[in-house]
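The values are calculated or read from the model by the stated rules, or taken from the named source; none is laboratory data. From a predicted model like this one, the values you see are computed outputs, not experimental measurements. Positions of Cβ are backbone-derived with ideal geometry, glycine not excepted, and every protein chain shown enters the neighbour counts. Areas reflect the complete protein model, heavy atoms only, side chains present, ligands, DNA and RNA absent. Shrake-Rupley method; radii C 1.70, N 1.55, O 1.52, S 1.80 Å.
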Amino acid sequence: MPNPVETLRGLHPLPEEARRARWAEGAAAWRALGNPEQALRWARLGADPAEVSRAEAAWAAERAVQEERLKRNAAAAERRLAPPALPSLAWNEAKDLSRGVTWILRDAQIDLLDISGNTPVPIPLSAPAQVEEGLKALAASGQPFLFGPLGHPRLLDLILAAQPPIFMTLKAPLFVAEPRLGVFRMLARLFDLSAPLAADHVLWFVGEDWAERLASFLRAAPGIPVPARKAILGAGLDAGAAGTLLTEAAAWREAEMARLDRVTEQSYATRSEAEWRAAFAPEAKPRVLLITSRFTTVLQYVVRDLDQAFRSLGCPTATVIEDRDCVWSIALTLRQKVAAFKPDLVVQLDHHRAELGTAIPSSIPYACWIQDRLPNLFDPRWIARLGPRDLSFAVLPGFLKDCLAAGYPEVHPLPFAGNAFTYHPPEKPPPPGPEIAFVSNLVVPKPLRHYPGLIERAESLLRAEGIGYRDPAFYEGLLARLEKDLSLKVTAADRPAVLHLLSFDVERYVQRTEPLRWAREMGLEVAVYGRGWEGSEEFAPVARGVIQPGEPLRDLYASARIHLHMNSDTNVHQRVFECLLSGGFILAWAHPGDREPGGLGEMLEIGREVATFSGRADFEKQVEHYLADDAARRAVSEAGRAAVLARHTTVHRAKEILEKVRDRLERL
């Protein structure tokens, strides 16, 4: 059988009349190469209506498939809201592959054949094994890299499948360079590219100007890392030039950060102490910059609420947060924002100024609101660098004590609060919700391979005898008891990790699930919301998925008859305040700190403004009472809402921060 490519190389240079005489050879060659579009063109050179009809039917069927595929790919491309923009994938543009270049499908590759007879340019369908393994290893490293030209789209799928999870939704960006626009559009006709086209972390640079577009993008999107590695697999991309481009982009970012540091320092250098005090006078409206991360479960929403609170006080605000899942750093973005916005105050949760390097000049008041026991907050390096304009706030009395013990010069109490702008009784009452609702994530502790039965036995004891509320002495005693009961010994190296697992993961699991078990055994309608429940065989039947903060959560608070709150750290929690603000009723598991300074009893009157329970018998009694007595339940809810509105909204907390900054500046 003649080689179809060689046949076409011989036919295309011929004059039109000669090609007409040999139309059947051309049509057969193109059919053999899997291109019914070109086969139809050659069939039309002949005079056989039946052959033309067969060729038209073959191309119509193939075109319908390609058009549908192209529509899916175009729709995926249009869903991308973030730059860089993708070329048009309209059929007329994708059909014109420019300069007469067309495609040939084979078992092992696609060829681009110039109809003038030039040598085909191959795009491998199956890359050599070592290339595939190299790409997989590069992707598995979790580092961003530049890949191109495209080749077969299967390589993209291979790379995406090999990329590991980093943290929450954080992803390593994949930079895809394809200088041949015709190739890109052709592949969009022949293959389903919808997944990589829609993926926010796959960054496309298509066309002859790909290098210029990539250089511009790396300046315009400073939070996305410059790829440190390259996988250049074929013609059309100059590996050396690409390396130079990336090196220059990284150098520009470093230089730009240094320049912005100088600009910012100079802009604040002339501000006098009197001007600083005037910026925080009672009638003043200081400019507030807030810093947070999209890679948090709660903190980004607390910052969003604080931003709203400061703005309600008339303060101009700006927030620095990653704008997409492939942003790895806010270092340059933060400096740009500081230089442009010129804040009077910077507020961040769970991080100190010193952790940001030189981004925030020491003359700007900086408030760190501590919401978690994170290692960085107790790092001596950062504590030693707390300056006169660094203010620390703690949500819990225990956190405050721990910070002072670690060497903090001063820490102010600043409890959780509720956002009354978002959480309020809905104007239109939502449909009735479940009898018992609980909103939180669930992590099921996994058995320890080296210490069989330890987790299971610990869970059983905590359910039977009660939890230790993170008390180290309690869990040291529990671990000693477990070692004796199970005839095992936890090594000194493993002991800290095992104690942490018991006092955090196991305790939290028991505390969050035990009242739900009681409610289900009472025959009540129970619904749980959050991540992890669907993976529990016991609770999957009542799992309702993740509920988004804001209006969906507000409506749930207002619709369920009783909301439960179980927390090992505190009952002074935004969930309690948000539920009450929404017109809901909340029943909290009594905490030892409720009656201590800064506890729930100091914030709300227990029994009148919020309800609590201690143990199973009390839980059943309280639940039966409040489900049977709507008036009693409503009275507690209304009294609690009034108390939160009077003392515990995010506006109150924003005012407290401003007051403490004012006081600090007066003392300098």
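Using each residue's phi in the range 7-15, evaluate 6.51 cos²θ - 1.76 cosθ + 1.60 at θ = phi - 60° and report the 3J(HN,Hα) Karplus result to the nearest Hz, with x for Gly and Pro. Using θ = phi - 60°, the values come out as 4, 5, 4, x, 7, 4, x, 5, x Hz. Backbone amide hydrogens, once placed in the peptide plane, bring A231 within less than 5 Å of L146, F147, G148, excluding anything fewer than 5 places away on its chain. Legend: distances between Cα atoms for K230/K337; K136/K446; K71/K337; K401/K655; K171/K660; K446/K484; pairs beyond 28 Å are K230/K337; K136/K446; K71/K337; K171/K660.
Across the range 321-329, computed HN-Hα scalar couplings (Karplus, 6.51 cos²θ - 1.76 cosθ + 1.60, θ = phi - 60°) run 8, 4, 9, 7, 6, 9, 8, 9, 8 Hz from first to last residue, x flagging Gly and Pro.
Distance distribution P(r), the range 156-237, all Cα-Cα pairs, bin width 5 angstrom from 0: 3, 12, 22, 26, 21, 12, 4, 0 percent.
Divide, for the range 395-520, the radius of gyration over alpha carbons by 2.2 N^0.38 Å, where N is the residue count.
1.41
Assuming charge only on the beta carbon of Lys and Arg (+1) and of Asp and Glu (-1), the dipole of the range 255-330 about its Cα centre is about 120 debye to the nearest 20. Counting only protein chain heavy atoms and rolling a 1.4 Å probe, the accessible areas of T270, T7 rank, largest first, as T270, T7.
In the range 242-330, the C-alpha radius of gyration followed by the widest Cα-Cα span (Dmax) gives 17.7, 56 angstrom.
Here the range 553-668 is treated as an ellipsoid with the same Cα gyration tensor; its semi-axes, largest first and in whole Å, are 30, 16, 11. Using equal-weight Cα scatterers in the Debye expression, the normalised intensity of the range 505-590 in log10 at q = 0.11, 0.18, 0.22, 0.24 Å⁻¹ is -0.30, -0.85, -1.30, -1.49.
Here's the picture: charge each Lys and Arg Cβ at +1 and each Asp and Glu Cβ at -1 in the chain, and of A359, G535, P552 the one pushed furthest to the positive end of that dipole is A359. Other residues lying with their Cβ under 12 Å from the Cβ of F613 contribute a combined charge of -3, Lys and Arg counting +1, Asp and Glu -1. As a ratio to 2.2 N^0.38 Å, the alpha-carbon radius of gyration for the range 593-637 is 1.24.
Remark on F613: its backbone amide H falls under 5 Å from those of A588, W589, A590, a criterion applied only to residues 5 or more positions apart or on other chains, H modelled at 1.01 Å from N. Charged side chains reduced to their Cβ positions (Lys and Arg at +1, Asp and Glu at -1) give the range 512-668 a dipole of some 460 debye around its Cα centre. Along the charge dipole of the chain, pointing to its positive end and built from +1/-1 on Cβ of Lys, Arg, Asp and Glu, which listed residue (W369, Y469, L488) has its Cα farthest out? Result: W369, furthest along the dipole toward the positive end. The phi torsions of the range 37-44, fed into the Karplus equation with coefficients 6.51, -1.76 and 1.60 and a -60° offset, translate into couplings of 5, 5, 4, 5, 4, 6, 4, 5 Hz, rounded to whole numbers, with Gly and Pro shown as x. Distance between Cα centroids, the range 582-605 to the range 155-224: provide it in whole Å. With the range 582-605 and the range 155-224 each reduced to a Cα centre, they are spaced 50 Å.
Put R595, R667, R287 in order of accessible area, highest first, and with a 1.4 Å probe you get R595, R667, R287. The range 235-254 and the range 1-60 have Cα centres separated by 45 Å.
Just so you know, the averaged projected area of the alpha carbon convex hull for the range 181-322 sits at 13.0 nm². Per the Debye formula on identical point scatterers at the alpha carbon atoms of the chain, with no solvent, log10 I(q)/I(0) at q = 0.10 Å⁻¹ is -1.07. Between the range 462-502 and the range 435-457, the alpha-carbon centres lie 15 Å apart. In terms of accessible area, using a 1.4 Å probe and ignoring ligands and nucleic acids, E514, E602 rank largest first as E602, E514. Taking the Cα centre of the chain as origin and assigning +1 to Lys and Arg Cβ atoms and -1 to Asp and Glu Cβ atoms, the resulting dipole is close to 840 debye.
The calculated Kirkwood hydrodynamic radius for the range 329-402 is 12.9 Å, given to one decimal from all distinct C-alpha pairs. Per residue, the range 433-511 exposes an accessible area of 50 Å² to a 1.4 Å probe, with every protein chain left in place. Helices in the chain, meaning DSSP H runs of at least 4 residues, each add -39500 (n - 2.57). Divided by all residues, the mean residue ellipticity at 222 nm is -14000 deg cm²/dmol. What part of the accessible area of the chain, given as a whole %, is carbon or sulfur when the probe is 1.4 angstrom? C and S atoms contribute 54 percent here. The mean accessible area for residues of the range 259-329, using a 1.4 Å probe and ignoring ligands and nucleic acids, is 46 Å² per residue. Convex hull of alpha carbon positions in the range 481-555: directionally averaged projected area 7.5 nm². Estimated translational diffusion coefficient (Stokes-Einstein, Kirkwood radius over Cα pairs, 4 °C, 1.567 mPa s) of the range 234-290: 84 µm² per second. Amide H contacts for L203 (H built 1.01 Å from N in the peptide plane; partners 5 or more residues away or on another chain; cut-off under 5 Å): L174, F175, V176. Rolling a 1.4 Å probe over the protein chains gives V636 an accessible area of about 10 Å².
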